[in-house]
1. List the trypsin sites (Lys or Arg not before Pro) within region A:7-106 that DSSP assigns to loop and that have no more than 12 neighbouring Cβ atoms inside 10 Å.
2. Compute the Rg/Rh shape ratio of the protein assembly as shown: radius of gyration over Kirkwood radius, all on alpha-carbon atoms.
3. If you consider only alpha-carbon coordinates, what radius of gyration and Dmax does region A:45-101 have, in Å?
4. Could you tell me the extents of chain B's C-alpha atoms along the three principal axes, largest first, rounded to whole Å?
5. Just to be sure I understand: with springs between alpha-carbon atoms less than 10 Å apart, which residue in A:V60, A:V50, A:V88 has the highest mean-square fluctuation in the Gaussian network model of chain A?
6. Output the relative contact order of chain A, whole-number percent, from Cα pairs under 8 angstrom with separation of 6+ residues.
7. Say we join alpha carbon atoms closer than 10 Å with springs in a Gaussian network model of chain B; which of B:P14, B:P40, B:P82 then has the biggest fluctuation?
8. Rounded to the nearest 5, what % of DSSP beta bridges with both residues in chain B are antiparallel?
Amino acid sequence: NAGVTQTPKFRILKIGQSMTLQCAQDMNHNYMYWYRQDPGMGLKLIYYSVGAGITDKGEVPNGYNVSRSTTEDFPLRLELAAPSQTSVYFCASSYSRGARTEAFFGQGTRLTVV
Amino acid sequence: KQEVTQIPAALSVPEGENLVLNCSFTDSAIYNLQWFRQDPGKGLTSLLLIQSSQREQTSGRLNASLDKSSGRSTLYIAASQPGDSATYLCAADSGGGADGLTFGKGTHLIIQP
């Protein structure tokens, strides 16, 4: 199984450009998430989704948008890229079985805005 | 708002030693506590998950404990090896998966050969 797949792995954007970070999971998980990780910091939640058609803001949503049209895909859109969005972005998905919820992460997208 | 703290921020020990990484959280109403490993430039690999009703979980040389009442979890690594060198992250699930995990900043571990 591929698990959680993110593309691209690396990207350099110019200030003001837009791009979409792709995320796909093949585990039929209902929950999906986008996090960003800055140097020396823990991961911070950008957006999350509890199922197709349902999304909600996390701790740091400004400058980003998401959609969830299928269970498998959860793209993250950056509009008008700014240097503050230079970061490593991780997509994750999780299942919930009773009280047990375990998260699985993709390999990350390293984004630099110049 | 849940806050997660990891101590120490960095640790360097000789190969073969047993070691303990600490994680504390401010809100004891958690569903799960998950430990991850992150290698440089890589994603997060899940090591152990402890449900709120459990006290500990073991996988090979790793043992994670959970004390909800005191807001603490520990990751014990036995007989450390150079391949254990990585950053270890703990994360608290306060919403049953519905609103993500709250992460600590991690412990950067170096095992000296």
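1. Passing both the DSSP loop test and the Cβ count: A:K9, A:K14.
2. Numbers: Rg = 17.5 Å, Rh = 18.0 Å.
That ratio equals 0.97.
3. 12.7, 41
4. Extents along the principal axes: 41, 28, 21 Å.
5. A:V60
6. Numbers: 294 pairs, mean separation 39.8, N = 114.
Across chain A, relative contact order equals 35 percent.
7. Largest GNM mean-square fluctuation: B:P40.
8. Of all bridge pairs located within chain B, approximately 90 percent are antiparallel.
Throughout, read-outs are computed from the coordinates displayed, never taken from laboratory work. What you are looking at is a predicted structure, and each value in this text was computed from that prediction instead of being measured. So basically every Cβ, Gly included, is an ideal-geometry build from the backbone, and we count neighbours across all protein chains shown.
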